[in-house]
Amino acid sequence: MPEADLPLLITAAHAAGEIAMRHFAGDRAATEKPDAQGPVTEADLEVDRMLRDRLLAARPDYGWLSEESENDPARLDAERVFIVDPIDGTRAFVEGGKAWSHALAVAERGRVVAGVVFLPRLERTYSAAAGEGAACNGEPIRVSRREVLTGAKVLVNATQLDPKFWPSGVPAIERHFRSSLAYRMCLAAEGRYDAMLTFRDAWEWDIAAGDLIAREAGGRVTDRLGHAPVFNNPRPALPGVIAAPPELHARLLAQTRPLPG
């Protein structure tokens, strides 16, 4: 059950942080994965091995989907599946930054029911279980109350403000950015920023935990087309993501649509 899964995920995420911080204090050298899939470090791989062993030992009937594990098609037949990014924001990790995280989630029949995003260097643990609300370090969090798009603080890569993505006009927002996509979703969930978005395809392990945390904090989360995310797909990626308070989300989505006529 989700309420039983959440403590398991929190404990596992903190264990991942201990491994990552040991590597962080030493050699953070990275190699590039094939097909321009980004960097990977020994920390990513060791965390992945630990999480897989620990989580599947506790829930042997769950499927497994992780950025750093070979894809196992058996996950598609599992009622529940772990969706894990051992280190989200590996480039920030390698560069000695703080905005990297461990993102762990459980999805049940396509919907996330438990999720944790832990940032060891910032000592922040974001968490949520379906129907139980969202928290940071155990304290409840909520999305901002902002409804107006102009001046909204939005976490978005500068490339995503190209006019080609905004046929109704690039909005006059205040742009911010963090390396970890999961962290961006959590920052929007706790109202420190008003929204986050990306039009690029997003891997499920980057957004599964943040999806639930943002929704349980009162936000609306969709892909760039306005559809609610469904997880554990054969190709584990979704067409972008927008997370924001409901009114602001509607305005962001509308701004990406062509003007009538």
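The values are calculated or read from the model by the stated rules, or taken from the named source; none is laboratory data. Everything numeric here is computed off the predicted structure, so don't read it as measured data. Note that we place each Cβ from the backbone using ideal geometry, even for glycine, and neighbour counts take in every protein chain shown.
Answer yes or no: is there a residue in the stretch 6-14 that is surrounded by fewer than 19 Cβ atoms within 10 Å (Cβ to Cβ), over 20 Å from the mean Cα position of the chain (by Cα), assigned by TED's automatic domain parsing to the domain that holds GLY115 and over 20 Å from ASP206 (Cβ atoms).
Of the stretch 6-14, the ones surrounded by fewer than 19 Cβ atoms within 10 Å (Cβ to Cβ) are 7-8, 10-11, 14.
Next, only the ones that are over 20 Å from the mean Cα position of the chain (by Cα) stay: none.
Looking for residues that are surrounded by fewer than 19 Cβ atoms within 10 Å (Cβ to Cβ), over 20 Å from the mean Cα position of the chain (by Cα), assigned by TED's automatic domain parsing to the domain that holds GLY115 and over 20 Å from ASP206 (Cβ atoms), one finds none in the stretch 6-14, hence no.
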Any residue in the stretch 154-170 that's part of a loop (DSSP other than H, G, I, E, B): show its pairings with residues that are modelled with pLDDT under 95 and among the basic types (Lys, Arg) at Cβ separation under 9 Å, as long as the two are six or more apart or on different chains. ASN157/ARG200; PRO167/ARG257; SER168/ARG257
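Looking only at the stretch 199-215, count every residue that is within 16 Å of ALA244 (Cα to Cα) and surrounded by fewer than 24 Cβ atoms within 10 Å (Cβ to Cβ) and tell me the total.
Keep residues of the stretch 199-215 that are within 16 Å of ALA244 (Cα to Cα), which gives 199, 207-215.
Checking which are surrounded by fewer than 24 Cβ atoms within 10 Å (Cβ to Cβ) leaves us with 199, 215.
Qualifying residue count for the region: 2.
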Would you confirm whether or not the stretch 221-231 contains a residue that is of a type in the set (S, T, N, Q) and assigned to a helix (DSSP H, G or I)? no
Checking SER144 against (1) crowded, with 24+ Cβ neighbours inside 10 Å; (2) touching an Asp or Glu at 6+ places or on another chain (Cβ under 6 Å), which single condition isn't satisfied? (1)
Residue list for the stretch 98-116, restricted to those being more than 21 Å from ASP44 (Cβ to Cβ) and of a type in the set (Lys, Arg): ARG109, ARG111
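Within the stretch 205-220, can you find the residues that are assigned to a helix (DSSP H, G or I) and either of a type outside the set (Lys, Arg) or touching a Ser or Thr at 6+ places or on another chain (Cβ under 9 Å) (or both)? Before the answer, list the steps.
Filtering the stretch 205-220 down to residues assigned to a helix (DSSP H, G or I) leaves 205-216.
Of everything in the stretch 205-220, those that are assigned to a helix (DSSP H, G or I) and either of a type outside the set (Lys, Arg) or touching a Ser or Thr at 6+ places or on another chain (Cβ under 9 Å) (or both) turn out to be TRP205, ASP206, ILE207, ALA208, ALA209, GLY210, ASP211, LEU212, ILE213, ALA214, GLU216.
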Does the stretch 41-70 hold any residues that are in contact (Cβ under 8 Å) with a residue 40 or more places away in the chain and in contact with a Pro (Cβ under 9 Å, 6 or more places away or on another chain), and which are they? ALA43, ASP44, LEU45, VAL47, LEU51, LEU65, SER66, GLU67
What pairs come up if the first residue lies in the stretch 219-245 and is assigned by TED's automatic domain parsing to the domain that holds LEU161, the second is aromatic (Phe, Trp, Tyr), and their beta carbons are under 7 Å apart, counting only those six or more places apart or on different chains? ARG224/PHE199; PRO236/TRP203; ALA237/TRP203; GLY240/PHE199
If you take the residues in the stretch 128-141 that are aliphatic (A, V, I, L, M) and assigned to a loop (DSSP other than H, G, I, E, B), which one is surrounded by the most Cβ atoms within 10 Å (Cβ to Cβ)? ILE141
Being more than 25 Å from CYS136 (Cβ to Cβ) and in a helix (DSSP H, G or I) narrows it down to one residue among ASP44, ASP53, ASP61, ASP27; which is it? ASP53
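Pick from ARG178, ARG200, ARG184, ARG192: which is among the charged types (D, E, K, R), over 14 Å from the mean Cα position of the chain (by Cα) and either assigned by TED's automatic domain parsing to the domain that holds PRO245 or under 30 Å from LEU104 (Cβ atoms) (or both)?
Details: ARG178 fails: over 14 Å from the mean Cα position of the chain (by Cα); ARG200 fails: over 14 Å from the mean Cα position of the chain (by Cα); ARG184 fails: over 14 Å from the mean Cα position of the chain (by Cα).
The conditions single out ARG192.
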May I ask you to verify whether THR125 is under 26 Å from ASP44 (Cβ atoms) and part of a helix (DSSP H, G or I)? no
Condition test on PRO234, is it at pLDDT 95 or above, farther than 30 Å from GLY96 by Cα and surrounded by 15 or more Cβ atoms within 10 Å (Cβ to Cβ)? no
